[in-house]
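S.K.: I'd like to ask some things about the structure below.
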Amino acid sequence: MYRLLYDHALVHTDPEAAHHAAVEAIALAGRTEPVRRALKGTVGHLGGPVRNPRLLAFPREIPGVLGLCAGMDKNAEAVLGMDALGFGFIEVGTVTAHPQPGNPRPRLWRHPDMRALRNQMGFNNDGAAVVARRLRELRRSSAGRAVVVGVNLGKTRTTPLDGAVEDYRASTHEVARWADYLVVNVSSPNTPGLRELQQVDALRPIVRAVRDEARRVSGREVPVFVKLAPDLEAGDISAVAAMVGEEDLAGVVAVNTTIAHDLGPGGLSGPPLHDRAREVVRLLRRDLGTRPVLIASGGITDAASGQALLDAGADLLQAYTAFVYEGPLWPGRVNRDLARASAVGSAGARGGG
Ligand SMILES: Cc1cc2nc3c(=O)[nH]c(=O)nc-3n(C[C@H](O)[C@H](O)[C@H](O)COP(=O)(O)O)c2cc1C
């Protein structure tokens, strides 16, 4: 139903206007208690808690393997609604220390033939202080406290690269108390120079500042992740993986959008990204060793493509683009299919039918 609507009607609307309308509708559903409960009890199938010793890095259980990628709910307005649709954890942001409008429009394009998106949003967001206020409000309700929320942090565009450490520290100061985990995003192609921060010498002081500031303001260990681009060379991936171990970080989120395309400006997401995402996850798992957590995204469209990233070494999954193309029933459907496949797999392993 949604697919028909998307392919025949929504595809002709302005993509960014459609995005805002969808996020607002989901936010409203989340705020309207009977609707939220009804969604959670029907379409929002979670698939069940993820049993994996690596996930002890998190302060609490992750109720479903499929999370929502950063970039959809940039300002933490729709967390309860996304949770009700079946996302096991919600990554809000990217949030920057200072509010900023992002790049001029147009900055979001559809490629329906590939079921892909291309964006150069440029971290449009309300800023860390406003997002922190929304998260504090969220955490006042029992439903809001129950949701696993990550906050993805980026550098303010006007902050020079040599001011990046203090910029990430300032965002952390605002949001860390309300976050189940933090992600240092140095992989967006849409903030000039940002991806240079993936070089270990530049990245190390940033992750230390985030980890230390989070500990200081929250009084606990907040798991810290680094989010990587799919376009990194294997040597750079290994270097980041080594640093994750040395700095005792929680793990890596891989991958962000790719610039390896000739479709126009911005980063490409969706199915064209999937093969590279799987390769990066495989390399990362090899180089990270057994302890760090690996959260994988990149062209997950169904249970099989999600399972492919799990088989390559991921512990948790995240998606964005397929949710846009497939609609609100999609996360619950993928969770149900993944759970069914793993039940069949374990019955097969036991010699059952
Ligand atoms: C419109 C759009 C905006 C995005 N904004 C962000 C962002 O603010 N921060 C971030 O870390 N990733 C952002 N991403 C990247 C996604 O989080 C994800 O890593 C990527 O899209 C791959 O997953 P997918 O193929 O399921 O979409 C954005 C992606 C899209 C399509």
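The values are calculated or read from the model by the stated rules, or taken from the named source; none is laboratory data. Keep in mind that what you see is a predicted model, and the values were worked out from it rather than measured. No Cβ is skipped: glycine too gets one built from the backbone with ideal geometry, and neighbour counts run over all protein chains shown. Note: accessible area is taken over every heavy atom of the protein model, side chains too, but ligands, DNA and RNA are not part of it. Shrake-Rupley method; radii C 1.70, N 1.55, O 1.52, S 1.80 Å.
S.K.: Per residue of the range 311-327, in order, report the coupling 6.51 cos²θ - 1.76 cosθ + 1.60 (Karplus, θ = phi - 60°) as ³J(HN,Hα) in whole Hz, putting x for Gly and Pro.
M.R.: Ordered by residue, 3J(HN,Hα) equals 5, 6, x, 6, 9, 9, 10, 9, 9, 9, 4, 5, 4, 5, 6, 9, x Hz.
S.K.: In percent, how large is the relative contact order of the range 2-345, given Cα pairs closer than 8 Å and 6 or more residues apart?
M.R.: 18
S.K.: Place +1 on the Cβ of every Lys and Arg and -1 on the Cβ of every Asp and Glu in the chain, take the dipole about the Cα centre, and give the residue among PHE123, GLY67, GLY313 whose Cα lies farthest towards its positive end.
M.R.: In the chain, that residue is GLY67.
S.K.: Kindly write out, for the range 190-195 in residue order, the coupling ³J(HN,Hα) from the Karplus curve 6.51 cos²θ - 1.76 cosθ + 1.60 (θ = phi - 60°), rounded to whole Hz, with x marking Gly and Pro.
M.R.: Here the 3J(HN,Hα) series is 9, 10, x, x, 4, 5 Hz.
S.K.: Now for a different question. Test of understanding: extend the Cα→C-beta vector of SER218 to 7 Å, then name every residue of the range 166-187 with backbone N under 15 Å from that spot.
M.R.: 169-185
S.K.: Starting from the amide H of SER297, placed 1.01 Å from N in the peptide plane, find each other amide H under 5 Å away whose residue is 5 or more places distant or on another chain.
M.R.: Amide H neighbours of SER297: ALA254, VAL255, GLN318.
S.K.: Report the extension gain between GLU233 and GLU196 in nm, rounded to one decimal, defined as 0.36 nm multiplied by the number of residues separating them, less their alpha carbon distance.
M.R.: Between GLU233 and GLU196, full extension yields 12.0 nm more.
S.K.: What's the FRET efficiency of GLU279 with ALA343 using the Cβ-Cβ distance as r and R₀ = 25 Å, to the nearest 0.05?
M.R.: 0.30
S.K.: Shifting gears a bit: Using a cut-off of 12 Å between beta-carbons, work out the net charge of the residues near ASP162 (Lys and Arg +1, Asp and Glu -1, ASP162 not included).
M.R.: Neighbourhood net charge equals -2.
S.K.: Please list 3J(HN,Hα) in residue order for the range 264-272, calculated via the Karplus relation 6.51 cos²θ - 1.76 cosθ + 1.60 where θ = phi - 60°; whole Hz, with x for glycine and proline.
M.R.: Result, ordered by residue: x, x, x, x, 9, 10, x, x, x Hz.
S.K.: Provide the gained length on full extension for the span ASP311 to ASP262, in nm with one decimal, where the gain is 0.36 nm per separating residue minus the Cα-Cα distance.
M.R.: 14.6 nm
S.K.: Which shape class, rounded, prolate or oblate, goes with the chain when its Cα gyration tensor gives a ≥ b ≥ c as root eigenvalues, a/c under 1.5 marks rounded, and past that a/b bigger than b/c marks prolate?
M.R.: rounded
S.K.: Set the Förster radius R0 to 45 Å, insert the Cβ-Cβ distance between THR42 and ASP248 as r into 1/(1 + (r/R0)^6), and round the FRET efficiency to 0.05.
M.R.: 0.60
S.K.: Would you mind telling me the share, in percent, of accessible area of the chain contributed by carbon and sulfur at probe 1.4 angstrom?
M.R.: The computed percentage sits at 55.
S.K.: Please enumerate, by chain and number, the lysines with C-alpha under 25 Å from the C-alpha of LYS40, excluding those fewer than 8 residues away in the same chain.
M.R.: LYS74
S.K.: Using mean Cβ contacts within 10 Å as the protection proxy, how do 124-132, 14-22 order, highest first?
M.R.: The most tightly packed comes first, giving 124-132, 14-22.
S.K.: Roughly what % antiparallel, to the nearest 5, for the DSSP beta bridges in the chain?
M.R.: Of those bridges, close to 25 percent are antiparallel.
S.K.: Which length gain, in nm to one decimal place, applies between GLU33 and LEU4 when the Cα-Cα distance is subtracted from 0.36 nm times their residue separation?
M.R.: That pair, GLU33 and LEU4, stretches by 7.5 nm at full extension.
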